[in-house]
Amino acid sequence: MTQDGDGVDSLVRKRIRALRAAHGWSLDDLADRCHLSPSTLSRIETGQRRIALDQLTAIARALSTSLDQLVETAAEDVISQPTYDAARGLTQWTVRGDPGVTVARMRLTEPPPEGPAALKAHPGREWFTVLSGTAVLLLGERRLRVEEGQAAEFPTMLPHAVGAVGGPAEILGIFDREGRRTHLRERRSEG
């Protein structure tokens, strides 16, 4: 890394400082964890010292991040465009940081399907929040009302289904790869 204070070098230094602060660590704390002297680490953070690759690797490891994440520069495409399926009232966004994650805004108009065969189970976890209306979450043997402003998070190996009660409900859900395949693609084939 160069000493020039701009570009990638400056960004890496700012990230090191910000990650150290986010951990609540002093220079001494991080220095102990990456086996550098506090003065060396201070000079790295302030741009008064070049960052050697072995130092950067040790710092990344101590900060529980990867070297790639520490030096990543791609900041374009900050704003993502959703895809919208009007027939199903489903809006989806792909989360760029993890291509396996999808955020979907869904309009639910029917109660959840009843009966054990209607409940789905798959590896992973799901999270959703109710934007408007009231949703009903069937989770194993439990029937839970999730009101506007509330959220639910659960392991998806429990058989589950979500629907609306007392009128339409809009939810915003986060689905991993398995959840997307089970809930979002399946709904496509129903429409």
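For the stretch 148-164, the set of residues classified as more than 15 Å from ARG125 (Cα to Cα) and within 23 Å of the chain's Cα centre (by Cα) consists of GLU148, GLY149, GLN150, listed by residue number. Looking only at residues of the stretch 117-129 that are at pLDDT 85 or above and aliphatic (A, V, I, L, M), we find that the one that is farthest from ALA161 (Cα to Cα) is ALA121. Sort through ASP28, ASP77, ASP9 and tell me the only one that's at pLDDT below 90 and loosely packed, with under 14 Cβ neighbours inside 10 Å. Among ASP28, ASP77, ASP9, only ASP77 is at pLDDT below 90 and loosely packed, with under 14 Cβ neighbours inside 10 Å. Would a scan of the stretch 33-52 turn up a residue that is in contact with a Phe, Trp or Tyr (Cβ under 9 Å, 6 or more places away or on another chain), at pLDDT 90 or above and surrounded by 12 or more Cβ atoms within 10 Å (Cβ to Cβ)? Yes; the residues of the stretch 33-52 include at least one that is in contact with a Phe, Trp or Tyr (Cβ under 9 Å, 6 or more places away or on another chain), at pLDDT 90 or above and surrounded by 12 or more Cβ atoms within 10 Å (Cβ to Cβ). Close Cβ contacts (under 6 Å, 6 or more residues apart or on different chains) running from residues in the stretch 150-174 that are among the basic types (Lys, Arg) to residues that are crowded, with 17+ Cβ neighbours inside 10 Å are absent. Report, by residue number, each residue of the stretch 109-147 that is more than 23 Å from the chain's Cα centre (by Cα) and among the polar types (S, T, N, Q). Scanning the stretch 109-147 gives THR109, THR134.
Within the stretch 19-76, being farther than 14 Å from VAL8 by Cα and either of a type in the set (Phe, Trp, Tyr) or touching a residue at least 60 places away in the same chain (Cβ under 8 Å) (or both) holds for one residue alone: TRP25. Taking (1) closer than 19 Å to VAL71 by Cβ; (2) modelled with pLDDT of 90 or more; (3) loosely packed, with under 14 Cβ neighbours inside 10 Å in turn, ALA60 satisfies each apart from (3).
As for the stretch 164-182, it holds at least one residue that is touching a Lys or Arg at 6+ places or on another chain (Cβ under 9 Å), modelled with pLDDT under 95, over 16 Å from GLU114 (Cα atoms) and surrounded by fewer than 16 Cβ atoms within 10 Å (Cβ to Cβ). Would you confirm whether any residue within the stretch 130-142 is surrounded by fewer than 15 Cβ atoms within 10 Å (Cβ to Cβ), under 24 Å from PRO82 (Cα atoms), at pLDDT 90 or above and not charged (D, E, K, R)? Checking the stretch 130-142: at least one residue is surrounded by fewer than 15 Cβ atoms within 10 Å (Cβ to Cβ), under 24 Å from PRO82 (Cα atoms), at pLDDT 90 or above and not charged (D, E, K, R).
The values are calculated or read from the model by the stated rules, or taken from the named source; none is laboratory data. The structure displayed is predicted, hence computed values, not measured ones. Ideal geometry is used to build each Cβ from the backbone, glycine not excepted, and the neighbour counts take in all protein chains shown.
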